[in-house]
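The values are calculated or read from the model by the stated rules, or taken from the named source; none is laboratory data. Since the model is a prediction, treat every value here as computed from it, not as a measurement. Every residue, glycine as well, gets a Cβ built from its backbone with ideal geometry; the counts of neighbours run over all protein chains shown.
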Amino acid sequence: MPEQPPPYVPLGDVVRQLDYVCAIAPSDHDRGRKPTKRAPLAVIEQRLAELALARLHLGLPFPAPTVLCTLGQDPLEYWSATVNDGDATCADLGRLWRCHLGHGLTVVSAGSKGREQARTAMTAFVAMPALLSRFTLRILVNGPEWGTQLYMKNLAADLSVLRPLWGLPAHDPHSMVPLSRRLLVEVVHGQQSGNMARTFVNDLLRQAGLSAPAMLATAADTAKVRFVTTSRTPAAGKETALSQWRYGIRPDGTLFAVVAGGIHSLLTPGGEPRTWRAPATQNFHAAEAGRAFGRV
């Protein structure tokens, strides 16, 4: 397993193995800092259009495999001021993903936390579910906000909005997992807190408006609610899940590489950060992808 990406990666390889077009900055994620950079919606749209064209010239399939809009950040934290339409939200990213990549957005979120823009995005996803491949509402037992009435209140309000998505299958044209739903509530708990997690979920479902029979049925349906036990021992196969370099674009346009061992910036031969550039596609042939994309 290499600790650093190769000295030079052809942009064609970046396109083939691109997993992230980040709307929120992943920089400094190892230090636990909150994201400070957000790409304007127009910039994201241009990058996705360029990516779609590059994939077309490389002969890659459409819809594209899942491309994520963040690396470690909550997509619901995205917003962007527009000239004529007010603030764009995470749901507007979903529209761009659907248009240019052929699939909706994959969202893993801790919830709105009462933020108006985040709740607006949730409402839009329910009204236009084609913008969404899957929404995972992640609950951390004994997390920083655990145990407060406000935490339960905000999650229940979120779930009352998102509930209709349980009636739809997840939309991933490349997935081989059957019976998954468009909404998943994922509850992450320690080995000794399973009962507490289940009690919390029952209370949450009840406060979200489910009847007692529906609450019991939903809590037992692993396609809708999944309990995940944390362990100090890495899950089997975790290292092989990223056995090759995958790539991404930060909000500022710089390129990065991801593998199981960490995240690394791609650099030019002179040691400067490499940036995403619209590939020149004239006279482009898939067999000449490395040369046609050139060095950037």
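Screening H100 on (1) loosely packed, with under 15 Cβ neighbours inside 10 Å; (2) farther than 15 Å from L183 by Cβ shows it passes everything except condition (1). Residue count for the range 151-164 under the criterion of being closer than 17 Å to T199 by Cα and hydrophobic (A, V, I, L, M, F, W, C): the result is 4.
Evaluation of I24 against the conditions (1) modelled with pLDDT of 95 or more; (2) of a type in the set (A, V, I, L, M); (3) under 30 Å from V188 (Cα atoms) shows that the sole unmet condition is (1). Against the condition in a strand (DSSP E or B) and either in contact with a helix residue (DSSP H, G or I) (Cβ under 6 Å, 6 or more places away or on another chain) or under 19 Å from A91 (Cα atoms) (or both), how does V187 come out, does it pass? Yes, satisfied.
Here's the yes/no breakdown for (1) surrounded by 11 or more Cβ atoms within 10 Å (Cβ to Cβ); (2) in a loop (DSSP other than H, G, I, E, B); (3) at pLDDT 80 or above:
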{"residue": "A235", "(1), (2), (3)": "no, yes, no"}
{"residue": "A257", "(1), (2), (3)": "yes, no, yes"}
{"residue": "I263", "(1), (2), (3)": "yes, no, yes"}
{"residue": "G270", "(1), (2), (3)": "no, yes, yes"}
{"residue": "R277", "(1), (2), (3)": "yes, yes, yes"}
{"residue": "N283", "(1), (2), (3)": "no, yes, no"}
{"residue": "G290", "(1), (2), (3)": "yes, no, no"}
{"residue": "V296", "(1), (2), (3)": "yes, yes, no"}
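Residue check: is R47 within 26 Å of G262 (Cβ to Cβ), of a type in the set (D, E, K, R) and either in a loop (DSSP other than H, G, I, E, B) or at pLDDT 95 or above (or both)? Against the criterion (within 26 Å of G262 (Cβ to Cβ), of a type in the set (D, E, K, R) and either in a loop (DSSP other than H, G, I, E, B) or at pLDDT 95 or above (or both)), R47 qualifies. F200 meets each of the listed conditions (1) touching a residue at least 60 places away in the same chain (Cβ under 8 Å); (2) closer than 18 Å to V108 by Cα; (3) not in a strand (DSSP E or B) apart from (2).
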